[in-house]
Amino acid sequence: MTTSGTTISQNTGTEPRSDGASPLNAPNGQSPERETPSLSGQTQAVHAGEKRYISHDSVTVPIVQTSTYTFEDTASLISYMEEHMFWDVPEREEYGRYGNPTVRAAEAKLAALDGAEDALLLSSGMAAITTTLFILLSQGDHFVMTEDCYRRTRGFCNTFLTRFGITCTTVAPGDYDAIEAAIRPETRLIFSESPTNPFLRCVDYARLVDIAKRHGLRTIIDTTFATPCNVRPLEYGIDLAVHSVTKYLAGHNDLLAGCVTGSFDITTALRQSQGILGAVVDPHCAYLILRGLKTLGLRMRQHNESALRIARYLEDHPRIRRVWYPGLDSHPDHEVATRTMAGFGGVISFEVEADGPTTSRFIDACRIPRIGPSLGGVESLIEQPAIVSYFDNDPEYRRSLGITDELVRLSVGIEDTDDLIADFGQALAQM
Ligand SMILES: *Cc1c(COP(=O)(O)O)cnc(C)c1O
């Protein structure tokens, strides 16, 4: 693994592990893909994790739509069981909750894209986050989390984990002194998002890793908003990257999934607990993820370029009070983002120079973006966080987080940028 910036590494995720264990994408005893050094991220997005020759000479990975797997005779079942006891990734599958070849191909592709030893797919981004924290934390442990995280993640940490005696301190994003000050003897890990939601704060990974190393802590980054096209946190020494695959990675607003990438040791522990906790992805969903990932690079280029142009347009518009986009000089983390990221993603947050109801009128007047939560798909989506994610919070609390009624979150899709800009122009003129 390199420690340099943002280039996609040559790890195809398909080389046999040096300890002799099976490569992830060679289940069923078939030979792994030929060694393919020096592949770019886009080539990996198309090919990594997929065997070159598959059943029926299909060019695509088949959807192995099965709940269980059968054995030729009792002797082969016994030899599988014996092997399984010593080998975490056996060369065939046993039961659907423990593994599926279509899912494994998607996992190998995700691992290659993040430059990770392994990846685990789960049924949603939240399943990835909750399973990971459940496995890495025990009663009495403490961890540090940055504010401005996905609301359900904060909910899980502040209300759910506390029932198991696990406590959490939240600190302001970008305040590295506060992170360090929050560390106690029982602290086990630091969890952050980057870029965050909705203000797109970006973590200085080197600084975070330095703090964590000095205190012997693990680091986890929810990097859903960035994708491996824009940044690969593991290259900076972050232990685990978590993604809501629902968003950019799958990219088409048509499925829910999550993944965790990192070292084989941790993903294996997670895989084993997934077999107990049960938040698995079905093979058809894994197929759609494989399909979506093939165009990740093309889509991200369009999201990055289009969002930067739209952010600049909005910042210059007299009816817009403020824009948060890491690609703008005005963003508090512009320097960190420019240093660490190849692009700034497709999400823009901005405040309209108006009150809440007038902001809603602007949103209703937009003809191209659809109104709704979520992000990262080909269709542009627009929403007021005060009405979507924070509707049930008391307004005082909401405002203390900076979520004003006039705040808008826009997920820029892959529509033509000029069409989108013209649409925002006419909608702002109608307010
Ligand atoms: C959407 C999202 C999640 C949750 O993912 P699901 O797939 O909806 O469960 C977690 N973190 C971030 C940053 C997200 O945007």
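Based on Cβ point charges of +1 for Lys and Arg and -1 for Asp and Glu, what charge dipole magnitude is obtained for the chain about its Cα centre, in debye rounded to the nearest 20?
That gives the chain a dipole magnitude of about 200 debye.
Taking a ≥ b ≥ c as the square roots of the eigenvalues of the Cα gyration tensor of the range 125-231, is the shape rounded (a/c under 1.5), prolate (a/b larger than b/c) or oblate? Judged from the Cα gyration tensor, the range 125-231 comes out oblate (a/c at least 1.5, b/c at or above a/b).
Summing +1 for each Lys or Arg and -1 for each Asp or Glu, what net charge is found among the other residues whose Cβ lies under 13 Å from the Cβ of T169?
Surrounding charge for T169 is -2.
A Stokes-Einstein calculation at 10 °C with viscosity 1.306 mPa s, built on the Kirkwood radius of the chain over Cα pairs, returns a diffusion coefficient of 71 µm²/s.
Here the range 289-351 is assigned +1 on the Cβ of each Lys and Arg and -1 on the Cβ of each Asp and Glu. Its dipole about the Cα centre then comes out at about 380 debye.
3J(HN,Hα) along the range 52-64: 6, 10, 10, 4, 6, 6, 5, 7, 9, 5, x, 7, 8 Hz, from the Karplus curve 6.51 cos²θ - 1.76 cosθ + 1.60 with θ = phi - 60°, whole Hz, x for Gly and Pro. The residues of the chain have, on average, 42 Å² of accessible surface per residue, using a 1.4 Å probe with all protein chains present. Once Lys and Arg get +1 and Asp and Glu get -1 on their Cβ, which of N100, S40, I348 lies farthest toward the positive end of the dipole of the chain? Of the candidates, I348 comes out farthest on the positive side.
Only protein atoms count toward the accessible area here, which uses a 1.4 Å probe; on the range 80-167, the carbon and sulfur part of that area reaches 53 percent. Between V378, V64, V408, the GNM of the chain built on Cα springs shorter than 10 angstrom shows V64 fluctuating the most. Of the residues V412, L256, S76, the one whose Cα sits farthest toward the positive end of the charge dipole of the chain, with +1 on the Cβ of Lys and Arg and -1 on the Cβ of Asp and Glu, is V412. Taking I289, I276 and ordering them by how much accessible surface each has at a 1.4 Å probe, largest first, produces I276, I289. When only Cα pairs below 8 angstrom with a gap of at least 6 residues are kept, the chain shows a relative contact order of 16 percent.
The amide H of R92, built 1.01 Å from its N in the peptide plane, has N28 as neighbours under 5 Å, considering only residues 5 or more places off or on other chains. In the context of the full protein assembly, C157 retains an accessible surface of approximately 0 Å², using a probe radius of 1.4 Å and ignoring ligands and nucleic acids.
Here the label points at T268 and A365, each 7 Å from Cα along the C-beta direction, are separated by 6.0 nm in the simple model. Cross-link partners among lysines for K294, C-alpha distance below 24 Å, same-chain residues fewer than 8 apart left out? Partners within reach: K51, K109, K247. Solvent-accessible area of the range 297-429 (1.4 angstrom probe, protein heavy atoms only): carbon and sulfur portion equals 51 percent.
Near M145, the amide H atoms lying under 5 Å from its own belong to T169, T170, V171, F191; only residues 5 or more places off or on other chains count, and H is placed 1.01 Å from N. Compute the distance from the alpha-carbon center of the range 99-122 to that of the range 46-74, in whole Å. That distance is 14 Å. Farthest towards the positive end of the charge dipole of the range 142-248, among the residues A181, T223, L161, is the Cα of L161, using unit charges on the Cβ of Lys, Arg, Asp and Glu. As a fraction of the 1.4 Å probe accessible area of the range 193-274, surface on carbon and sulfur atoms comes out at 50 percent. Near G297: Cβ cut-off under 15 Å, other residues only, Lys/Arg at +1 and Asp/Glu at -1. The net charge is +4. Using the Karplus relation 6.51 cos²θ - 1.76 cosθ + 1.60 with θ = phi - 60°, the per-residue 3J(HN,Hα) values for the range 255-262 come to 7, 10, 6, x, 8, 10, 10, x Hz, with x marking Gly and Pro. Using Cβ point charges alone (K and R +1, D and E -1), the dipole size of the range 125-231 about the Cα centre works out to roughly 280 debye.
The values are calculated or read from the model by the stated rules, or taken from the named source; none is laboratory data. It should be emphasised that the depicted structure is a prediction, and the values quoted were computed from it without experimental measurement. When we count neighbours, we look across all protein chains shown, and the Cβ atoms used for this are built from the backbone with ideal geometry, even at glycine. Surface accessibility is based on the protein's heavy atoms, side chains included, excluding ligands, DNA and RNA. Shrake-Rupley method; radii C 1.70, N 1.55, O 1.52, S 1.80 Å.
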